[in-house]
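Data first, discussion second: the structure below is written as structure tokens.
The values are calculated or read from the model by the stated rules, or taken from the named source; none is laboratory data. Every value quoted in this text rests on a predicted model; they were computed, and no experiment measured them. Using ideal geometry, Cβ is built from the backbone for each residue, glycine included, and neighbour counts are taken over all protein chains shown. Areas reflect the complete protein model, heavy atoms only, side chains present, ligands, DNA and RNA absent. Shrake-Rupley method; radii C 1.70, N 1.55, O 1.52, S 1.80 Å.
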Amino acid sequence: MRQNDARRLVVTVVHLGGRGGNHTPSDEVRTSVQSGVDVVVTSVPGKMSKRRRTSSVASRQEEETDTDSTPEPSRKRKKLDPAELCQQVYDVIRSHKKEDGALLCDSFIRAPKRRQEPGYYEVVSNPIDLLKVQQKLKTDEYEDIDELSSDIQLMVNNTKAFYKRTSQEYKDACELWELFVGTKSRLLDSLEEASESKGKIILKVGKLARRAAAAAEARKQDVESLAEGENSESSSITLDEDMNQYEELFTAVMMATDPDNRSLHTVFQLLPSKKRYPEYYEVIENPVDLKMIATKIQQNKYTTLSEMEKDLLQMTKNACLFNEPGSQIYKDAKALKKIITSKKIEVEHGKFVPGKTSERISEPFWKLPSKRYYPDYFKEIKNPVSLFQIKKKLKRGDYGTVSEVAGDMNIMFENAKKYNRADSKLYKHEDGRQPILMFMEKPSKKLYPDYFQVITDPIDMLTIQSNITAEKYNSEEEIVNDFKLMFNNCRLYNEEGSMIYEDANKLEQAQKLRTLYDTIRDYRDPKVRQLSLIFQKLPSKNEYPDYYEVIKRPIDLERIGQKLKSNQYESLEDMVSDFVLMFDNACKYNEPDSQIYKDALMLQRVALQTKLQLREDEEAVPDVNAAVQELLTSLFISIYNHQDEEGRCFSDSMAELPEHDEVDGRKVRALSFDLIKRRLDRGLYRRLDIFQEDVFACLERARRLSRTDSQVFEDSIELQSYFIKQRDELCRGGDLLHSPALNFSLLHLAATEASGESMSFNQQVYHVSDFVYAEPKERGMEPSIIHIERLWNNQEGQQMMYGNVFFRPNETYHVTTRKFLEKEVFKSDIHKATPLEQVLGKCCVLHVKDYVCSKPEGFLEKDVYVCESRYSSRARAFKKIKVWPFAMTQNLKLLERDEVIEPKRIMSVFRERIEKHKEEIAELEEREKFLEKEKPQYNAPACLIRSGDCVYVKNGSGRQLIAQVDTIWTTKVGVCYFRGPWLVTPPEIPHAPTRLFYKQEVFLSLLEDTHSVDSIAGKCAVLEHAEYISCRPTEIPESDVYVCESMYDEAKQQVKKLMREGLKKYSHSNAVSEDEIYFFRRLINPPKKQLSKKVVTGYILYSGDVRRTVAAKHPESSFGDISRIVGNEKQIGKKLLTGYILYCSEVRRSVTANHSESTFGEISRIIGNQWRNLPAQEKQSWEEKAAKVFECCWDNCDFQFEDIIDCYDHAAQEPHGHKQSTSANGAVVDV
């Protein structure tokens, strides 16, 4: 063997900014590898000023260099990029510290908040802070250093304009400007005069690089010659076969260059100086450089190439973690990472060279297993295929398309997986299968002629690709539709559960995930600004350490992309959850008026809308709760980002409002857009009307706290108007979401906008909350008493008022025995609008508690009335007012009476009216007790219920039954009850075993029952079929929604269709909140299925059988009473018919005849011995016979039938009914 040449890789590293010192042997590391190559890393002294952190990560070390080393001749430095120069200046002012150790820029990082310093925004018209400067730097908005200078000068001038000259902020601003100007001048001068003499890196590569390149070329030729069947010895290049893999990978890193032929490795040779960059070692937990890797190669510490790759990748990861995205070292690290990964794979593949015994992965698939050694293979595998067979078919031209070749390969791999164990090597070799190959071309018409009969519109990947190339698609939606068609064709033709069927599902899911990710990443606003750029990477831990204290689960777009690439998302919901988390983090950390906050809201809206669009083609019932949340989120984001023509957001002015309100002497956090956003993110809004109430309350608060001519007032009106327009558009006028919120229209807002707090007429000023007399409808009647709620001018300019009418006793229906207070009036449910010209004057109405001890100032006694009850004109009923509204007395000044008035009640004096309406009053007197106690809705312990609702009712047996609420009332002792019909499930009614039911089907029973509201366990919804396939109530989970299209007559035991009117409909007053209904974009088609035998077991069937017997014995009992009786009765033990029991019944008579003198027990022992002596096959036959026998399990009944129809007839003939069971699996069938 010839002697190795003495070769050396010399890497000379010049320390940047190092002090002079003696050169020591430790400064040189010599790496000797197996081939005799030396890698020498030496250091040369030099000096350089500290550069910005983002461009100097891994090339600095302690200054321990030799002063005798001679630097290379100097030359001019390449001109810096303007963005790089701006970043360097920013880094200097961002990290500069004052004498006390505090950062100089602390006061300039964030501008003062509007809520804390409202005066700042009165003085400063164009606020700016370092955060906005940093955002501009990241998005490359600065074209040169002068633009950055303008922003810094603006920030300094803003500070000087607001703060006093003696303040610390003013002094810091002056010092900051001096620092900026000095740094800018110094850097510009250094660019013109600086040279490479301040520090350089010299790379000297000897024969090692040529040898590594030659080795790679030799391996390439060897592999090619092997594929052609040539002898490897014919290669013209003769090199050492034991070329070190570590050396080759290391050389690839050292020789890597960019397109400009600039070396990439230079800054990675030595770690940064701990003295100059202490923060590097705080951020980086595992620092690595090329010197350390070279040392480990020399000391043979690497056992595998993967260990070395791990260190190299850790080195590039450290650089990316510490440096800003976009910096040169960041880009170099990314480029090196690709080179390291690809080179490692290339080196590993180079291990399979001629002369070495290595089995290829494809080797076991070339031939089928031997029938002699693996006879079971051909019994288990019905369609054996090998690579040799595929090769022969290729030569003969049997394949018409690529998909046919892929089909045979997939069969081959499936055979291998089916026959071999999951942990075997052969099984694992199949994991690299690409599902998309099966969809590249349509199936062959020769092999699959029926495919084109089933599939009317076939399409494949090649067709889609050709359409894209020919620009036949007008939009992305058309491309997506073709993909959907291809996958649907696959599922339509192939069996569910087959490999290609599952491949279609996986590929479609992957396509949807990619579509969602690309939509978020590429979304641009109307100004063509890409919103996702700021979310690409998390903030730097060094610059924003508080971010990681506030945000507990940080995530960025890059991590989401990595999870998508590694197939970690199982569904769209998983990816959307990560997107929403990322946007919530941005909203949580940033101010509501910041640009990133608004961008996060917009992207969140895009994510939710895209998810719904991608799920529209799914067959499952739409997720109503998610759809409502998406609608509310879209609505909120629309108004929050609503802008004027100049790009100003109307919601920005809302930030000027105080953060707290004062209530009863203490500060309470006021309702704001930020608070609404937090509630929305937590899913607290499940109804549009509740969400609308909060938004309107927030805007009304803004108007209440502002002047009518202020910007805030005008913006609140514009936002509310825009909210109504967007709400109607998103809800499609009620066609998509029907809600009581839609009742408030732009007309109502216009009336509110035109209204004021006061209005004058006939030299009299009227205020909102005043009580006035209005002209009566008919002559001779007393004036109406109205409480003013709103004042405005209509379109004709006429002064109008809107208010609540108060009734006198003679204007109400009441019983003859009812007594009234003197001058008593009642707050009615009537509101009306009246021209102000019909107002006759002012009056006053006080609550009874105020009336007896106080009197209003400025009113005559005849104009003062007392009120303690409200009156319902619809129900003709009275109800006490528990809390008197403060607004009714806010304009009054109450004085104490000299003497407290003792309330006196008098009888009704309207005898004529009583006589006139005697019959009507008598009827009212009979019903008044019930009407006073009847409730349209009631807040039960489990939920809020109202008439028409369906609820779960607890039963004594622990089961939950379904009942409908028809009426609700409260007894004298305060106990609340409701009454209504039952709804029964399929197992509780008699039906044929082959009858089909919907998954959530129930039947309306004709029996009604009375229950306490305390027995309610929860709420559910029962819909007719037309409603079930088209809509859902938004507040009920899908698992609690049932369909009803039939009723069940308990007496006749018959099931029949509902009447034409369907389920009973209920109407409620405005005081009762209506359900919000979400309508599907397309109708669903729920399937009907046969009732599972597991469902028809246990107490359900027992109660179904026994109930009719109990009902016959207790005809006066209700459904609930019968259920309790059934639950308390002792269930008769269910008989289990086995093969032994059937055998005994057959042979007992013959055994008894042969042993007439034996007792019953002795005969049983004889039969038992005979059974034990029977062969196993005969025993099995008896068990099979027993499984087919239906036995009547009613007490004292031993009838057995081979046909279930005979058992039905037997049960129907008996007066009390029976129940029978199939004994083999214990399933009970209700007869």
(request) Please give the contour-minus-distance gain from Glu147 to Leu1058: 0.36 nm per residue of separation, less the Cα-Cα distance, rounded to one decimal in nm. (result) 320.3 nm
(message) Can you compute the FRET efficiency between Gln595 and Lys972 using 1/(1 + (r/R0)^6), with r the Cβ-Cβ distance and R0 = 60 Å? Round to the nearest 0.05.
(response) 0.40
(message) Below 8 Å between Cα atoms, with a sequence gap of 6+, how large is the relative contact order for segment 243-349 in percent?
(response) 30
(request) May I ask you to evaluate 6.51 cos²θ - 1.76 cosθ + 1.60, the Karplus curve with θ = phi - 60°, for each residue of segment 383-399 and list the ³J(HN,Hα) values in order in whole Hz, giving x for glycine and proline? (result) 10, x, 9, 10, 5, 4, 5, 5, 4, 5, 5, 5, 5, 7, x, 6, 8
(request) Report the charge-dipole magnitude of segment 624-754 in Debye, nearest 20, computed about the Cα centre from +1 at each Lys and Arg Cβ and -1 at each Asp and Glu Cβ. (result) 600
(request) Please report, as a whole percent, how much of the solvent-accessible surface of segment 493-570 comes from carbon and sulfur atoms (probe radius 1.4 Å). (result) 47
(request) Run the accessible area of segment 82-192 with a 1.4 Å probe and give the carbon-and-sulfur part as a rounded percent. (result) 45
(message) Counting heavy atoms of the protein chains only and a 1.4 Å probe, report the per residue accessible area for segment 932-1090 as a whole number of Å².
(response) 50
(message) If I model a spin label at Asp644 and Leu675 as a point 7 Å from the Cα along the Cα→Cβ vector, what separation in nanometres do I get?
(response) 2.7
(request) Scan around Tyr766 for amide H atoms under 5 Å from its own, H built in the peptide plane at 1.01 Å from N, and keep only partners 5 or more places away or cross-chain. (result) Met759, Ser760, Phe761
(request) Compute the accessible area per residue over segment 82-192, keeping the other protein chains in place, probe 1.4 Å, unit Å². (result) 54
(request) Mind listing the long-range amide H neighbours of Gln269? Cut-off is under 5 Å, sequence gap 5 or more, other chains count too, H placed in the peptide plane at 1.01 Å from N. (result) Leu290
(request) Distance check, please: which entries in Lys310/Lys611; Lys334/Lys417; Lys725/Lys832; Lys417/Lys999 exceed 30 angstrom between their Cα atoms? (result) Lys310/Lys611; Lys334/Lys417; Lys417/Lys999
(request) For segment 1039-1048, just list the computed ³J(HN,Hα) in residue order, Karplus coefficients 6.51, -1.76 and 1.60, θ = phi - 60°, integers in Hz, with x standing in for Gly and Pro. (result) 5, 10, 9, 10, 10, 9, 10, 9, 10, 10
(request) Once you've got the Cα coordinates, tell me which of Lys565/Lys677; Lys171/Lys552; Lys113/Lys588; Lys164/Lys541; Lys442/Lys1088; Lys337/Lys512 are over 25 Å apart. (result) Lys565/Lys677; Lys171/Lys552; Lys164/Lys541; Lys442/Lys1088; Lys337/Lys512
(request) Would you mind checking the pairs Lys138/Lys331; Lys344/Lys392; Lys506/Lys1089; Lys291/Lys344 and listing those with alpha carbons more than 24 angstrom apart? (result) Lys344/Lys392; Lys506/Lys1089
(request) Could you list which residues have their amide H under 5 Å from that of Gly980, counting only those 5 or more apart in sequence or on another chain, with H placed in the peptide plane? (result) Asp966, Asp1009
(message) Counting heavy atoms of the protein chains only and a 1.4 Å probe, report the per residue accessible area for segment 243-349 as a whole number of Å².
(response) 46
(request) Once you have the Kirkwood Rh of segment 584-719 from its Cα pairs, apply Stokes-Einstein at 25 °C and 0.890 mPa s and quote D in µm²/s. (result) 151
(request) Working with all protein chains in place, sort Arg686, Arg703, Arg396, Arg615 by solvent-accessible area computed with a 1.4 Å probe, largest first. (result) Arg396, Arg686, Arg615, Arg703
(message) Give me the extension gain from Glu558 to Lys819: residue separation times 0.36 nm, minus the current Cα-Cα distance, reported in nm with one decimal.
(response) 86.3 nm
(request) First compute the accessible area of segment 624-754 with a 1.4 Å probe, then give the percent of it belonging to carbon and sulfur atoms. (result) 46
(message) Testing the spin-label approximation: label points 7 Å from Cα along Cα→Cβ at Ser466 and Gln609. State their distance in nm.
(response) 3.6
(request) May I ask which residue of Cys320, Leu270, Asn300 lies farthest towards the positive end of the charge dipole of segment 243-349, with charges of +1 (Lys, Arg) and -1 (Asp, Glu) on Cβ and the Cα centre as origin? (result) Leu270
(message) Cβ neighbours within 10 Å, averaged per peptide: list 301-310, 469-478, 870-879 in order, most packed at the top.
(response) 870-879, 301-310, 469-478
(message) Can you work out the Karplus-derived ³J(HN,Hα) for every residue in segment 1147-1157? Use 6.51 cos²θ - 1.76 cosθ + 1.60 with θ = phi - 60°, whole Hz, and x for glycine or proline.
(response) 9, 4, 5, 5, 5, 5, 5, 7, 10, 5, 8
